[in-house]
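K.L.:
One structure, as structure tokens, below. Some questions next.
The values are calculated or read from the model by the stated rules, or taken from the named source; none is laboratory data. As the structure is a computational prediction, the values presented were derived from the model and not from experiment. FYI the Cβ positions are ideal-geometry reconstructions off the backbone, even for glycines, and counts take in every protein chain you see.
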Amino acid sequence: MGFVGALWSADAAAGNHFFLEGAGGPATPLGRASDAGLGGSGGLTLGVGGRWAGTTPVWYLTGRVALDRLAERGPARLGRASVSRSGVELGLGGRVYLPVAGPRLRWFGELGGGERLESAEVARAGHATLNVQTQRFQVFAQTGLQWRLWDTLSVGAALDWAWMPDQRGVDLAALAAGDAEANATAGRGRALVTVTAHF
Amino acid sequence: MRPFRALSVMGVLSALVAFAPLAAHAWQGGASGEIVWASSEARGALVSAVFVGQVDATRLRLVVTLDLPTGSGDGVLTLDLPEGFARGRTVALPAPGARVHYSEYAADGRVVFESTRAAGTARALVDAAGMSLSLDLAVSDAAAQWRRVRGGDVGLPTDPDDPDAIAAARARAPYVLAAQDEPSGDSGCGGDDDELWRDDARSDASGYAPDQTTGSGCGPSEPSTASSSETDTLGDGADTASGCEGDDVSADETGDDGCGDSCEGDGLAEASSSARVRAHHAWVGRCVAWLPWVLAFTAVRLMRRAARRGAR
């Protein structure tokens, strides 16, 4: 409570201390030898924070829930198996806002970590489908621009990367599809349109 | 809602979110190593294979990708077997509820061989350490071409990168496949060593015709020219070769005639999904599952305080 409390008491009357952000856009797997297709993603981020008196940046602690669907294909020599992944991400992070031009256009960056719960389906024509469930730690980074339409609403665009640093794990779905180099260092990228409510 | 009640609800919801996917299956794992492969055109050979398997409440599913010798394309074998197969039974194929599909592909993805007509035996045993698997399958197509895929008592550890999991699997299966490992000579059974795999490869060299009709439970017949001194790790008489205790597991009500080569430690153990979650993952998972709820709870409290200040 120390961090939140300090931000709260420092600038309580100056503005909003919370935001709830909805984001959506295309997503794609990163760092895999197989052919990556285009999927989709969406999510919600809740932030709490504020600005220390006398400073410019605005800091938030964030919690996020995101869903995505990713698609890729294995190599032709093993039947071009299709891999469909459905992921749920739960994460915690920190976000900072900096003004870019005037009070309305702001840059923001976010770093965090969390768990990715994934259900992957590996399918080849004629063969039984394999369903692989995984839970992995991942870190993520996001950067974007936001235009504040009103005090209570912003719209923006962002790029979001996530990767799984645990190199001991093996990506079983990619392995089953024929990606012999499959490992847990792969991740995913997202391009997002954001709508943010400030309160 | 009182805070402690709210937290209780949050705890239950968080636990469900964090662990529901893990509860959905009993075991899954993968490993790579070598397997004996032979065809109607080619002599038997050890080829690189990648196993990825999953056992859930009702079925065992396994995908084996084979890096076949140059000129043969690459192969994919999928097994879709009823859950009973994961309890140590050696079962003859074809069998009701069992589905085998084998394909070979050219480099451009064309299917050059495909079959769902399989004969042979399969046995799997799943526990917290992983899965041990015995396969001896022959598949044939309408043109009387055939392929044979054989893997002895292969251990697939829950985590192929975890030395403890590998050691545990090795205590039960003579060949434990870990990522990029060669089949190991470490064995819980006397008489099993790497040389047996070479023997298998040699014995296949003399040719083989799949037996699609007998359904005897002992799989394809061995090549007639195979030396009697060579040890059969997969088919009839394997038990006498390996001399393992606990072979009674495979003699079950399915009518199996005891072809499996069970090893010490074969027992019907419950699979443990939690074993595959490393300790730090579980800890991080709990924190991450809880903290968003705590954050939301804090936010609500702060908003109420702000509202009270505004009212004053």
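K.L.:
Which of the residues that make up the range A:63-87 are within 12 Å of chain B (Cβ to nearest Cβ), surrounded by 20 or more Cβ atoms within 10 Å (Cβ to Cβ) and assigned to a strand (DSSP E or B)?
P.N.:
Selection gives A:Gly63, A:Arg64, A:Ala66, A:Val83, A:Gly87.
Yes or no, residue by residue, for (1) within 14 Å of another protein chain (Cβ to nearest Cβ); (2) at pLDDT below 65; (3) in contact with a Pro (Cβ under 7 Å, 6 or more places away or on another chain); (4) more than 29 Å from A:Leu172 (Cβ to Cβ):
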residue	(1), (2), (3), (4)
A:Trp8	yes, yes, no, yes
A:Ala14	yes, yes, no, yes
A:Phe19	yes, no, no, yes
A:Ala33	yes, yes, no, no
A:Leu46	yes, no, no, yes
A:Ala53	no, no, no, yes
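K.L.:
Determine which single condition A:Gly126 fails, assuming it passes every other condition in (1) at positive phi; (2) away from chain B (no Cβ under 13 Å).
P.N.:
(2)
K.L.:
Determine whether B:Gly120 is of a type in the set (Gly, Ala, Ser), within 27 Å of A:Thr134 (Cα to Cα) and more than 14 Å from chain A (Cβ to nearest Cβ). Break it down into steps so the answer makes sense when it comes.
P.N.:
Numbers: of a type in the set (Gly, Ala, Ser): yes; within 27 Å of A:Thr134 (Cα to Cα): no; more than 14 Å from chain A (Cβ to nearest Cβ): yes.
No.
K.L.:
Something else about it: It is to be established whether one or more residues within the range A:113-122 are polar (S, T, N, Q), assigned to a strand (DSSP E or B), within 11 Å of chain B (Cβ to nearest Cβ) and crowded, with 21+ Cβ neighbours inside 10 Å.
P.N.:
Taking the range A:113-122 and keeping what is polar (S, T, N, Q), we get A:119.
The next check asks that each one be assigned to a strand (DSSP E or B); those that pass are A:119.
The next check asks that each one be within 11 Å of chain B (Cβ to nearest Cβ); those that pass are A:119.
With the extra rule that they be crowded, with 21+ Cβ neighbours inside 10 Å, the set shrinks to none.
No - not one qualifying residue is present in the range A:113-122.
K.L.:
Limited to the range B:47-76, what total is found for residues that are more than 9 Å from chain A (Cβ to nearest Cβ), in a loop (DSSP other than H, G, I, E, B) and touching a strand residue (DSSP E or B) at 6+ places or on another chain (Cβ under 8 Å)?
P.N.:
Within the range B:47-76, residues that are more than 9 Å from chain A (Cβ to nearest Cβ), in a loop (DSSP other than H, G, I, E, B) and touching a strand residue (DSSP E or B) at 6+ places or on another chain (Cβ under 8 Å) number 4.
K.L.:
Now for a different question. Among the candidates A:Gly79, A:Gly102, single out the residue that is without any contact (Cβ under 8 Å) to a residue 12 or more places away in the chain and on the phi > 0 side of the Ramachandran plot. Break it down stepwise before answering.
P.N.:
Working: A:Gly79 fails: without any contact (Cβ under 8 Å) to a residue 12 or more places away in the chain.
Only one candidate qualifies: A:Gly102.
K.L.:
What's the total number of residues in the range A:97-140 that are in contact with an Asp or Glu (Cβ under 8 Å, 6 or more places away or on another chain), basic (Lys, Arg) and over 22 Å from A:Asp166 (Cα atoms)?
P.N.:
0
K.L.:
Looking at the range A:139-179, which of the residues that are free of Cβ contacts under 8 Å to residues at least 60 places away in the same chain and β-branched (Val, Ile, Thr) is farthest from A:Leu30 (Cα to Cα)?
P.N.:
Within the range A:139-179, the match that is farthest from A:Leu30 (Cα to Cα) is A:Val155.
K.L.:
Could I ask something else about it? In the range A:129-186, which residues are modelled with pLDDT under 90, among the β-branched types (Val, Ile, Thr) and assigned to a strand (DSSP E or B)?
P.N.:
A:Val132, A:Thr134 - these are the residues of the range A:129-186 that are modelled with pLDDT under 90, among the β-branched types (Val, Ile, Thr) and assigned to a strand (DSSP E or B).
K.L.:
Can you name the residue in the range A:118-151 that is acidic (Asp, Glu) and over 20 Å from the mean Cα position of the chain (by Cα) and is also nearest to A:Phe18 (Cα to Cα) among such residues? Can you show your working first?
P.N.:
Quick first cut of the range A:118-151, residues acidic (Asp, Glu) only: A:118, A:121, A:151.
Then drop every residue that is not over 20 Å from the mean Cα position of the chain (by Cα), which leaves A:121, A:151.
On the way: A:Glu121: 38, A:Asp151: 12 Å.
In this case the residue turns out to be A:Asp151.
K.L.:
Quick one: B:Gly88 ticks every box in (1) modelled with pLDDT of 80 or more; (2) more than 9 Å from chain A (Cβ to nearest Cβ); (3) outside any loop (DSSP other than H, G, I, E, B) except a single one, so which number is it?
P.N.:
Of everything listed in (1) modelled with pLDDT of 80 or more; (2) more than 9 Å from chain A (Cβ to nearest Cβ); (3) outside any loop (DSSP other than H, G, I, E, B), B:Gly88 misses just condition (1).
K.L.:
If A:Arg106 passes every condition in (1) farther than 19 Å from A:Phe19 by Cα; (2) part of a strand (DSSP E or B) but one, which one does it miss?
P.N.:
Exception for A:Arg106: condition (1).
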